[in-house]
Amino acid sequence: MDHLPYPGSANGRKKTVVPYVCQEDYDGGDFMTYPSRRRGSLPNLHTVGPFPGQLLDSHQMQLASLSKQEIRSFYQTWLFFGLIHEILGSLYVPEDLIYTCEDQHGHTKAVSTSMLAPALDEWVARVQAGRVDSSVTYAHVAQCLCLTHAALSIQAFRSHFDPNIKLSLASLGQTFTYAANKAFNITDIVKNNKCPSTWRRLIDDDYWNGRLLAHGWCVTEVKLILDTTLSLQTLHFLACLDKTNLEHSHQGCDTRQCTAYQNDLEGYQTRHIGKECDCEELSIDAEALYDILKTKALPLIRVRPSQTLGELSIDLVASQPTSRYVALSHVWADGLGNPDANALPRCQLSNLRKLVQELNIAAHSRDTRDHRAKAKDAEEEHEEEEEELLLWCDTLCCPVQPKKAKHLALEYMYRTYRNATHVLVLDASLMQYNVESLDIDEVSMRILTSPWMRRLWTLQEGALPAVTNRLWFQLSHTALNLREFRMNAHEKYLSSISRSGLAGDILKRMGSFANIFVKDNSERPGADLGKVIEALHHRSVSVPSDEPLLIGNLLGIDSAPILNGGDAADALRINRLWRMIPSTRHRIPSNLLFRVGPRLAEPGLKWAPATLLIDNDANIDIQSSESENEQGILTASDGLLVRLHGFRLSLASRAKGLPSRRKGTSQLMKPNTLFMKDDSGSWYLMRRNLLVEQDRFLTDKTLAEIVEEGKKIWVIYPDSQFPRPPGSKAQVSVGLIVEVEPEEEEEVEAEAEAEAEDEDEETAVKKTHAKLHINIVPLKTSTQAWFAVAAAFSAQLASVSLALRNLAAIENGLDEHSSSSSSFLSQTTALEELASEIHQMATNEEAKEAIEAAGNQFDILLTEDLITMMIWGHYVCMRETVPRTQRWCVD
């Protein structure tokens, strides 16, 4: 798979071999019609349904009937050699794609794409110059790629493929997608792209999970990679990176949190530069730090030069408006912290002085190259190079005691990193690499997957200086500015087909922290809440009460009120943060209600997340908006006032005559999965977002219990199209089940009353309590038809059933004419008769013909169970609906 990028450090390792399994050569004909030429039983294949489309069910079944050997040969001939022939034409020689290699079985044939990159570059140049056949259009190339994507999407083939063969086919399709978009100048991928963009989904996560773990990756990082990576180029590149770390074990990590870099402050050991070094520490007087902080200045460090470590000394300096200083951003797990004193070993201080001096020279050289330095003569230029650059390091400059001094330093943390001349990242995992021996893409990816990227404090420390290109990363022999990495990735994204996807993922991941802030001359610019939540993905913090402080800083909120809540109030910082957000230029996005995770216990804030450091697939992206309809208003004690769509939810009615509901009557009645029917007769699957054991934050009750026990149950949701109709491109919709209080139209707050004065009665506030996060999926069109048949037959049965009449008579005459024991026996007999009637209804030819006519394979047991479910009313109904103008107060 030479068309996929390899990191420089992987040179010399054995590359992945893709076996040549073709039983015949490609015939040189049209790509789209090859299946019907190759196998006479196959029609011309084409895609149907939402973009990028899928094959017809009947065509999928025909392909699935092939043996493993046949399908592997057929697919490689068609989707590898045929696709290359169709797009590149005379620019490739089939023999160049096959080579002989040696494995444990001896000599064997394999496929090679070493000549693909130059051929694609030439093809792009010809297309752009108009030197290709008129049949080579973007629409035709996209059609071929959509068919390739659809053929590889068949679920029945998951076990048919050597995963390396499937990866070679899917990655080839993605590479041609990049080439086509470049050749035909498709710059707006969202609006104008006609080629598939989901090639990455064709390769099972298990394949990548195994490869990544084998190379020493943490399971948390693997989860993050699989959640956020868009390109197969990137996944292949990362799977070839060795991340073995002998110093930090990932044995205690899980998919939600990496514990390898969590700090046990009680047993923390400050490290020396070398293992054999035992030099003494130099300390800073805490009272002196506090005195400087009380003047609203920052304490800075001057490390004086010396011939020996024993002569090294440091000065404490109060910052001035013109002070130039480097602020360090480091991972405490590397040993540069000190929880007990504002002190560091002399060897560390000497090394920090050296790094600051080298950074000063590198930054000056960069400015000179960019012609951004002011015009100066040589003497003045020399003077600027020698201008003093001081140091700020949290270990030395943030007082350990007293607490009020530490709080003051934390208040100034935002200003510390925003005003720093440079911010230097020190991460031991990065400082072992020399940029001269690695390609810059590998260095970029090692930075983006480093422990520094996983810590919460470092998000602020990196985001603030990144806005103005003041963020540097220390490598083995030099420091490089983030701008260098971004420029390299941007250039490759535009120019390199073989690395375009990799570069796109690099830019996206850099942007997750570097693009939080925009250039803003205000005193305390704040980031968008949605961007902040996205940037928190898979980050962690050793002291949980630091989280609201960091989030507040990122939002531009004054941290003093969050901090200063009294000695026993650290755990309530998050409560104070949510109370403060509406007082700033920020509003609370209404879709924040749909994130799963722990909730606060304080009345009026029970809707609010207790932490935003919860990573879960069930969580939706938070999109902040300037529209008032998409923002919540925080009331004093009743909850969050929002405008959202909604519908009332209730259990279906059972057939007349049936006794009270009996659990387990239908095998389709699951505790946390229910079928739902809307007013038009369409059917959906409703389920808990998470299993009970994973989500006890709102309730530990099942979905069925909530619906059965609730009196006024509604579902509120953020999307205008919900539930989504069958066949829609985006299938899953999220919602929140709420229970409306009996006096739902009472006044909630004075602010809500004032807002409602000029509004219609239909928008009166519904005061509710959050019950459960759910998602709803429309059933496939063919399954919808099955449910419709079952609904029709259950209605027919309900009108003619003798068993139901007997049950109704028993129910009505239980006390007057029968003893309880005889009535119970009669009822049992009637229920058995009803089951027999349902079986007869499910097995008649009319039902079978109707179900098979919709493209389904008839299943007697399923049909019987569906009719049973509908007779007993073991499903839910979507009742009254309300528009987005409806106001809800949710707690």
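Taking into account only those residues within the range 361-380 that are over 38 Å from the mean Cα position of the chain (by Cα) and either surrounded by 15 or more Cβ atoms within 10 Å (Cβ to Cβ) or among the aliphatic types (A, V, I, L, M) (or both), which is modelled with the highest pLDDT? Break it down into steps so the answer makes sense when it comes.
As a first pass, look at the range 361-380 and keep what is over 38 Å from the mean Cα position of the chain (by Cα): 361, 364-365, 368-369, 371-380.
Right, trim to either surrounded by 15 or more Cβ atoms within 10 Å (Cβ to Cβ) or among the aliphatic types (A, V, I, L, M) (or both) and you get 361, 364, 373, 375, 378.
Working: Ile361: 90, His364: 84, Ala373: 46, Ala375: 49, Ala378: 44.
Here the answer is Ile361.
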Legend entry - Criterion: over 19 Å from Ser650 (Cβ atoms), modelled with pLDDT of 70 or more and either in a loop (DSSP other than H, G, I, E, B) or open to solvent by less than 20 Å² (accessible area, probe 1.4 Å) (or both) - qualifying residue of Ser720, Ser728: Ser720
Inset, instruction - Residues being surrounded by fewer than 20 Cβ atoms within 10 Å (Cβ to Cβ) and not in a loop (DSSP other than H, G, I, E, B): count how many of those fall in the range 427-447. - result: 1
Inset, instruction - Working carefully through the options Leu834, Leu814, Leu861, find the one that is at pLDDT below 85 and outside any strand (DSSP E or B). - result: Leu814
Inset, instruction - Could you please find all residues in the range 132-157 being hydrophobic (A, V, I, L, M, F, W, C) and part of a loop (DSSP other than H, G, I, E, B)? - result: Val132, Val136, Ile154
Legend entry - Residue count, the range 662-677 (criterion: more than 26 Å from the chain's Cα centre (by Cα), open to solvent by less than 80 Å² (accessible area, probe 1.4 Å) and modelled with pLDDT under 90): 6
Legend entry - Test: Cys195 is in contact with a strand residue (DSSP E or B) (Cβ under 7 Å, 6 or more places away or on another chain) and either open to solvent by less than 70 Å² (accessible area, probe 1.4 Å) or under 20 Å from Thr33 (Cα atoms) (or both): no
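Of all residues in the range 122-155, count the ones that are open to solvent by less than 50 Å² (accessible area, probe 1.4 Å) and over 15 Å from Ser498 (Cβ atoms).
Residues meeting the conditions: 19.
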Inset, instruction - Could you please let me know if Asp188 is surrounded by fewer than 17 Cβ atoms within 10 Å (Cβ to Cβ) and either farther than 30 Å from Leu426 by Cα or modelled with pLDDT of 85 or more (or both)? - result: yes
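Please find, among Ala119, Ala110, the residue that is in a helix (DSSP H, G or I) and either of a type in the set (A, V, I, L, M) or open to solvent by 50 Å² or more (accessible area, probe 1.4 Å) (or both).
Checking each option against the conditions leaves just Ala119.
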Inset, instruction - Identify the residue in the range 285-312 that is surrounded by 13 or more Cβ atoms within 10 Å (Cβ to Cβ) and free of Cβ contacts under 8 Å to residues at least 60 places away in the same chain and, among all such residues, is nearest to Glu461 (Cα to Cα). - result: Ala297
Inset, instruction - Starting from the range 703-722, take each residue that is free of Cβ contacts under 8 Å to residues at least 24 places away in the same chain and within 19 Å of Asn672 (Cα to Cα) and list its partners that are of a type in the set (D, E, K, R) and open to solvent by 30 Å² or more (accessible area, probe 1.4 Å), counting only C-beta distances under 9 angstrom and pairs at least six apart or across chains. - result: Glu709/Lys701
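Taking the range 215-230 only, how many residues are open to solvent by 20 Å² or more (accessible area, probe 1.4 Å) and within 19 Å of Pro5 (Cβ to Cβ)? Quick ask: steps written out before the conclusion?
So in the range 215-230, the residues open to solvent by 20 Å² or more (accessible area, probe 1.4 Å) come out as 215-216, 219, 223, 226-228, 230.
When the remaining residues are screened for being within 19 Å of Pro5 (Cβ to Cβ), the result is 215, 226, 228, 230.
Here the count works out to 4.
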Inset, instruction - Pick out, from the range 32-100, the helices (runs of 4 or more DSSP H) lying fully within it that include 3 or more residues that are modelled with pLDDT under 90, buried (at least 17 other Cβ atoms within 10 Å of the Cβ) and out of contact with any Ser or Thr (no Cβ under 7 Å at 6 or more places or on another chain). - result: 57-64
Inset, instruction - Confirm whether Tyr20 is surrounded by 13 or more Cβ atoms within 10 Å (Cβ to Cβ), at pLDDT 90 or above and within 23 Å of Tyr207 (Cα to Cα). - result: yes
Legend entry - Set Arg271, Arg211: member being of a type in the set (D, E, K, R), surrounded by 18 or more Cβ atoms within 10 Å (Cβ to Cβ) and farther than 30 Å from Thr611 by Cα: Arg211
Legend entry - Of all residues in the range 459-469 being surrounded by fewer than 22 Cβ atoms within 10 Å (Cβ to Cβ) and touching a residue at least 24 places away in the same chain (Cβ under 8 Å), the one that is farthest from Arg509 (Cα to Cα): Thr468
Legend entry - Close pairs from the range 232-256: first free of Cβ contacts under 8 Å to residues at least 12 places away in the same chain, partner polar (S, T, N, Q), Cβ under 8 Å, at least 6 apart: Gly252/Thr259
Inset, instruction - Search the range 778-795 for residues that are surrounded by fewer than 17 Cβ atoms within 10 Å (Cβ to Cβ) and pair each with any residue that is not in a helix (DSSP H, G or I) when their beta-carbon atoms are under 6 Å apart and the residues are at least 6 apart or on different chains. - result: Thr781/Pro726; Ser782/Ala854; Ser782/Gly855; Ser782/Asn856
Inset, instruction - Being within 17 Å of Lys531 (Cβ to Cβ) and in a loop (DSSP other than H, G, I, E, B) is the filter here, so list the residues in the range 448-471 that pass it. - result: Leu456, Val467
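Go through the range 685-703 residue by residue and tally those that are open to solvent by less than 10 Å² (accessible area, probe 1.4 Å) and at pLDDT 85 or above.
2
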Legend entry - Failed criterion for Phe824 (all others in (1) modelled with pLDDT of 85 or more; (2) in a helix (DSSP H, G or I); (3) open to solvent by 60 Å² or more (accessible area, probe 1.4 Å) hold): (1)
Inset, instruction - Working carefully through the options Gln233, Gln251, Gln262, find the one that is touching a helix residue (DSSP H, G or I) at 6+ places or on another chain (Cβ under 9 Å) and open to solvent by 20 Å² or more (accessible area, probe 1.4 Å). - result: Gln262
Inset, instruction - Select, from Leu396, Leu424, Leu410, Leu494, the only residue that is closer than 20 Å to Gln357 by Cβ and assigned to a helix (DSSP H, G or I). - result: Leu396
Legend entry - Criterion: over 20 Å from Val541 (Cα atoms), within 33 Å of the chain's Cα centre (by Cα) and touching a residue at least 24 places away in the same chain (Cβ under 8 Å) - qualifying residue of Tyr417, Tyr493, Tyr412, Tyr433: Tyr433
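The values are calculated or read from the model by the stated rules, or taken from the named source; none is laboratory data. Computed from a predicted structure; not experimentally measured. We place every Cβ from the backbone using ideal geometry, glycine too, and count neighbours over all the protein chains shown. What goes into the accessible areas is simple: the full protein's heavy atoms, side chains included, and nothing from ligands, DNA or RNA. Shrake-Rupley method; radii C 1.70, N 1.55, O 1.52, S 1.80 Å.
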